[in-house]
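Single-structure report; data block below.
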Amino acid sequence: MTVEFCGLELEHPVINGSGTFDAIAARRAFGDELVERFPFSAFVSKTVTVEPRQGNPPPRLWEVAGGLINSIGLPNKGLAGYLEHDLPELARLPVPLIVNIMGFSGDEVARLVRAFSEREEVSALELNVSCPNVETGLTMGADPGETGRLLAKVRPLTAKPLIVKLTPNATDVPAVARAAEDAGADAVSLINTLRGMALDPRTGCPWLGGITGGVSGPAVRPIALAQVHAVAQAVEIPIVGMGGVQRGADALDLMRAGASLVGVGTESFRDPAAGIRIARELKELLANSAVEDRRGALAGQPGREL
Ligand SMILES: Cc1cc2nc3c(=O)[nH]c(=O)nc-3n(C[C@H](O)[C@H](O)[C@H](O)COP(=O)(O)O)c2cc1C
């Protein structure tokens, strides 16, 4: 099941979704056994920002039918804290490290790209573009022009593979993916969470401290499948597909829609070893798959819009 992705040799196509598996905490809880049987073929770190962030006030989670809404708010130690405390620990993992970064301006993203570009422990960078640019007020990944300008700025700063993590909260996700590709992205990943909200049934007030949050889990799986399929018609670069993957069959669906790798997110909260099971199930399915060209088997079958 080995797969080549942006120059990286990966043992299988199953990785984690950023922010959904804390490898450092897992090592503390499960010991070095985790290192020997690491659930993913590459590890994607949670989003790192330039400055440390506390995250959103609690409550931060709400369970919905088939998933959850999170309003974690990207708490992290910031660039300096990550480099000092997290990077040395994550570098000991037996799989390549992909660092997910986010900035609130082009300059901030550039600073992060430059800093990680110098670190040999880092195999690739994932740009989380689901946030507003304080200079323009536009969500970086919701507008093709904004995404293209960001990539044009940071692409020359690193030779490492750049993966753009697309937001599903955009009018035309394939157009954003194309803009990223045209400006030099090596891959795109999708979907991030969909904006959602829950009210406290007792008070009628917003439940989440952040008022709104991001919906993930099996409830978003059909949306992820449709968006991966649409993006696969628009770009040539590899796609990391994610959104509601719980079983090998879900992973295979995303690959048939055009994904080269598959990310597992919310399912890891139910079972931290879910990645191992999903990779095993996928392997069995691929071995028995009658589909000749299973990757992108649906290419050339664009969806119809009303
Ligand atoms: C609790 C939680 C935290 C997340 N944190 C991040 C994050 O820090 N950066 C990011 O790019 N995506 C983050 N995500 C999005 C996931 O990586 C993934 O794109 C999304 O949840 C869809 O996959 P899933 O349905 O399998 O969870 C987070 C999702 C959840 C549920």
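The values are calculated or read from the model by the stated rules, or taken from the named source; none is laboratory data. If you're wondering where the values come from, they're calculated on a predicted model, not measured in any experiment. Counting neighbours? That spans all protein chains shown, and the Cβs are built from the backbone with ideal geometry, glycine included. Just so you know, the surface numbers come from the protein's heavy atoms only, side chains and all, with ligands and any DNA or RNA stripped out. Shrake-Rupley method; radii C 1.70, N 1.55, O 1.52, S 1.80 Å.
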* **Normalised contact order of the chain, rounded percent, pairs of Cα under 8 Å and 6 or more residues apart** => 18
* To do: Express the carbon and sulfur contribution to the solvent-accessible surface of the chain as a percent, rounded to the nearest whole number, probe 1.4 angstrom.
  => 52
* When the label point is put 7 Å from the Cα of K283 along its Cα-to-beta-carbon vector, which residues of the range 221-261 have a backbone N closer than 20 Å? -> 246-256, 260-261
* Structure fact -> Once normalised by the length of the range 116-202, the mean sequence separation of its alpha carbon contacts under 8 Å that are 6 or more apart gives a contact order in percent of 30
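Could you give the length gained on full extension between T171 and A273, defined as 0.36 nm per residue of separation minus the Cα-Cα distance, in nm? Can you show the working numbers first?
Numbers: separation 102, 0.36 × 102 = 36.72 nm, distance 3.51 nm.
Contour length minus Cα-Cα distance gives 33.2 nm.
On average, how much accessible surface per residue is there in the chain, in Å², for a 1.4 Å probe, leaving out ligands, DNA and RNA?
Accessible area per residue: 46 Å².
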* Give me the number: length gained by fully extending M1 to T136, i.e. 0.36 nm times residue separation minus the C-alpha to C-alpha distance, one decimal in nm. => 44.2 nm
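What is the ratio of the Cα radius of gyration of the chain to 2.2 N^0.38 Å, with N the residue count, to two decimals?
0.94
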* Asked: Can you put C6, C205, C131 in order of accessible area, largest first, using a 1.4 Å probe?
  -> C205, C6, C131
* Can you figure out the FRET efficiency of H85 with E11, using R₀ = 25 Å and their beta-carbon distance, to the nearest 0.05? => 0.35
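Summing -39500 (n - 2.57) over the DSSP H runs of n ≥ 4 in the chain and dividing by its residue number, what mean residue ellipticity at 222 nm do you reach, to the nearest 500 deg cm²/dmol?
Theoretical 222 nm ellipticity from helices: -8500 deg cm²/dmol.
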